[in-house]
Every structure is written in C-alpha cells, then in structure tokens.
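S.K.: Have a look at the structure that comes next, please.
The values are calculated or read from the model by the stated rules, or taken from the named source; none is laboratory data. Note that the coordinates shown come from a computational prediction; the quantities given were computed from them, not determined experimentally. Cβ: placed from backbone, ideal geometry, glycine included. Neighbour counts: every protein chain shown. Surface areas here come from the heavy atoms of the whole protein model, side chains and all, with no ligands, DNA or RNA. Shrake-Rupley method; radii C 1.70, N 1.55, O 1.52, S 1.80 Å.
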Amino acid sequence: QAQLLQSGGGLVHTGDSLRLSCAASGRAFSSNVMGWFRQAPGKEREFVAARLSGGNTYYADSVKGRFTIYRDNAKNLVYLQMNSLKPEDTAVYYCSAMRASGLYWKMTEYDYWGQGTQVTVSS
C-alpha cells in the first residue's frame, strides 16, 4: 500500500531553519516525481519544490535559494530543508508523489499525498 508519512514542522522565528521529512512506502517511493506543496490559510495549495527521478530539482520562485528538496533512497525518505524562513512561509506543508512524469508544478498530477504538517514562522 502506497503511503506518505510526514514529520517535522512546528513554530520557529524569522530567519530560522526547519527540515520536513516524508517517509514513502510502497509504490509511493518508486514514483518518478516527489514534491512538496503548501497551503496558507485562505489560499490555494501551491507548489513549493519537486525532485525528478533523474535528480533534477525545481523550486517556486518564492523559495528558490532558501529551500532544498532531497531524498535518501536507503531510508525511503524525502526531505525539505527550509532555511531563512519568513512569516510568509507559514502554511501547512504537504509531501506528494507522482507515478508518471507529468507537470511537476501541478497539484492534480500527483497520485499520493502526505497528511500535512504545520509550519509557523513568527516575526
């Protein structure tokens, strides 16, 4: 059974760092694309970062240079390292997996989702 189980998150201050983890099991980890999305209160879920099976990574402009997505194949884990956090990064973050090689920035392309984890950045 495919599953994504998230951990990490919490309350931090502006400029702090945080790392989110996503444990993938079953077909979820053999997916071609692993991604992270986030949803702030009153806003739509938006793309944050994606890592393709070949190793290429892509980021939203708002997090480029501050966030890094990477995976540990030995542990079946995908991470989102978030540095220099800002109050506007406050949101519920979701790990996601896409079986095919689709449009990595589109939420509807993804097949599996984690349960979400809250990240709050205070000013």
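S.K.: Could you go through region 77-84 and let me know if any residue there is of a type in the set (Gly, Ala, Ser) and surrounded by 13 or more Cβ atoms within 10 Å (Cβ to Cβ).
M.R.: Looking for residues that are of a type in the set (Gly, Ala, Ser) and surrounded by 13 or more Cβ atoms within 10 Å (Cβ to Cβ), one finds at least one in region 77-84, hence yes.
S.K.: Identify the residue in region 27-46 that is open to solvent by 10 Å² or more (accessible area, probe 1.4 Å) and assigned to a strand (DSSP E or B) and, among all such residues, is nearest to GLY102 (Cα to Cα).
M.R.: So the residue we want is GLU46.
S.K.: Pairs, please: C-beta under 7 Å, at least 6 apart or cross-chain, first residue without any contact (Cβ under 8 Å) to a residue 60 or more places away in the chain and outside any strand (DSSP E or B) and in region 79-96, second of a type in the set (A, V, I, L, M, F, W, C) and surrounded by fewer than 23 Cβ atoms within 10 Å (Cβ to Cβ)?
M.R.: That search, which allows pairs on different chains as well, returns ASP89/VAL119; ASP89/VAL121; THR90/ALA40; THR90/VAL119; THR90/VAL121.
S.K.: Another question, if that's okay. Just to verify a result, which residue in region 26-55, among those that are more than 16 Å from GLU109 (Cα to Cα), modelled with pLDDT of 95 or more and of a type outside the set (Gly, Ala, Ser), is nearest to the chain's Cα centre (by Cα)?
M.R.: GLN39
S.K.: Which one is most open to solvent (accessible area, probe 1.4 Å), of the residues in region 47-76 that are among the small types (Gly, Ala, Ser) and within 12 Å of TRP36 (Cα to Cα)?
M.R.: Only one residue tops the list, namely ALA60.
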